[in-house]
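The values are calculated or read from the model by the stated rules, or taken from the named source; none is laboratory data. Just so you know, these numbers come straight off a predicted model, no measurement behind them. Virtual Cβ from ideal backbone geometry, glycine too; neighbours counted across all protein chains shown.
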Amino acid sequence: MIIDTHIHLYDPTRPQGVPWPDPNNKLLYRPVLPEHIKAVAMPECVTGAVVVEASLWPEDNQWVLDLADNEPFLVGLIGRIEPNTDYFIDHLDRFAAHPKFRGVRFWGSNFEDIDQGSFMHDMEALAERNLLLDLVFPKADADGLFALMERLPDLRIMIEHIAQVPVDGNSPDTQWTEYMLRAAAHPQVSMKVSALMENSTVQPAPADVAFYTPTLDVLWNAFGIDRLVYGSNWPVCERAGSYARCIDIVRTYFSDKGEAATEQYFWRNAKSIYRWQE
């Protein structure tokens, strides 16, 4: 079993269109639907996927949930609802009523001042509803994120896209490494090994796992066997290489860690962290 914890779905041919991706992006601007991810993922033994919403339109969360109603391959949705807004709680409760709604993705700048507006109240609401916060690591405001981790130890947090570190075949930046160790000191924080190829400084991304090993070693040593999960970032990963290459890199890396580590990384951790239902 393999669960891909980071894919995107959208359809530019809908009457209302889509806010992302840009129509000028010839690779990404196309219908991206369950049958398309299954065509590339199932040959690699992927049995399910978590959709991570990129659109800021609240109703696009419902669009994915409607797709998931009739598609068992879609095991969960990390929705997009902007915190620190007057509609956050209402939308959260509305979408959380669906069993496949598993949390909220956050890209914003509130970590500069986490006590601004309703931000902390909204984060508390996530924790109270046992939902996950999926986020891009805020390098400029990392102290605010660490403060959130300290103040809300019950809020499960998933850092996505290997915290956006450039991958160049060498040991990562020392400050990034320190940040990862600091984040991993909080047991409620996990790491999604997604966008690995996209963060490569060499494009198209190399296929050799040795190029990525110094970065993956930092994450393995920090988060260990129980808090790393697989994510492809499909279809965005296709900017750097094929889906098969994306999964082969991490399959090779984790196979050297043993069968137990491979199972934890490819599906058991996803089950325990995202808490999707069979």
Among the candidates Thr177, Thr252, which residue alone is among the β-branched types (Val, Ile, Thr), under 20 Å from Leu135 (Cβ atoms), in contact (Cβ under 8 Å) with a residue 24 or more places away in the chain and not in a strand (DSSP E or B)? Thr177
Every listed condition ((1) closer than 18 Å to Glu198 by Cα; (2) surrounded by 15 or more Cβ atoms within 10 Å (Cβ to Cβ)) holds for Asn269 save (1)
Over the stretch 96-133, the set of residues under 14 Å from Ile157 (Cβ atoms), among the charged types (D, E, K, R) and surrounded by fewer than 19 Cβ atoms within 10 Å (Cβ to Cβ) is Glu124
Of Asp134, Asp122, Asp154, Asp141, which residue is part of a helix (DSSP H, G or I) and at pLDDT 95 or above? Asp122
What's the number of the condition Asp115 fails, among (1) over 19 Å from the mean Cα position of the chain (by Cα); (2) closer than 13 Å to Val52 by Cα; (3) not hydroxyl-bearing (Ser, Thr, Tyr)? (2)
Before we move on, is Asp86 within 21 Å of the chain's Cα centre (by Cα), more than 23 Å from Val229 (Cα to Cα) and either at pLDDT 95 or above or surrounded by fewer than 19 Cβ atoms within 10 Å (Cβ to Cβ) (or both)? no
List every residue pair whose Cβ atoms sit under 7 Å apart, with the two residues 6 or more apart in sequence or on different chains, where the first one lies in the stretch 185-198 and is farther than 11 Å from Phe223 by Cα and the second, anywhere, is of a type in the set (S, T, N, Q). Ser194/Ser232; Ser194/Asn233; Ala195/Asn233; Glu198/Asn233
Conditions (1) under 28 Å from Asp22 (Cα atoms); (2) outside any helix (DSSP H, G or I); (3) among the hydrophobic types (A, V, I, L, M, F, W, C): number failed by Ile162: (2)
Determine which member of the set Leu132, Leu126, Leu155 is in contact with a helix residue (DSSP H, G or I) (Cβ under 9 Å, 6 or more places away or on another chain), closer than 26 Å to Ile7 by Cα and in contact (Cβ under 8 Å) with a residue 40 or more places away in the chain. Leu132
Determine which single condition Ser232 fails, assuming it passes every other condition in (1) surrounded by fewer than 17 Cβ atoms within 10 Å (Cβ to Cβ); (2) touching a Cys at 6+ places or on another chain (Cβ under 7 Å). (1)
Reported set for the stretch 36-58 where residues are part of a loop (DSSP other than H, G, I, E, B), of a type in the set (A, V, I, L, M) and surrounded by fewer than 17 Cβ atoms within 10 Å (Cβ to Cβ) is Leu56
Test: residue in the stretch 164-186 that is of a type in the set (S, T, N, Q), under 21 Å from Val52 (Cβ atoms) and buried (at least 21 other Cβ atoms within 10 Å of the Cβ): no
Restricting to the stretch 8-35, name every residue that is under 15 Å from Val51 (Cβ atoms), part of a loop (DSSP other than H, G, I, E, B) and among the charged types (D, E, K, R). Asp11
Note on the stretch 221-249: residues assigned to a helix (DSSP H, G or I) and either closer than 21 Å to Ala49 by Cβ or under 17 Å from the mean Cα position of the chain (by Cα) (or both) are Phe223, Val236, Cys237, Glu238, Arg239, Tyr243, Ala244, Arg245, Cys246, Ile247, Asp248, Ile249
In contact with an Asp or Glu (Cβ under 7 Å, 6 or more places away or on another chain) and either modelled with pLDDT of 95 or more or closer than 23 Å to Gln277 by Cα (or both): is that true of Ala49 in this structure? yes
For the structure I just gave you, tell me whether Phe101 is touching a residue at least 24 places away in the same chain (Cβ under 8 Å), in contact with a helix residue (DSSP H, G or I) (Cβ under 9 Å, 6 or more places away or on another chain) and over 27 Å from Val250 (Cβ atoms). no
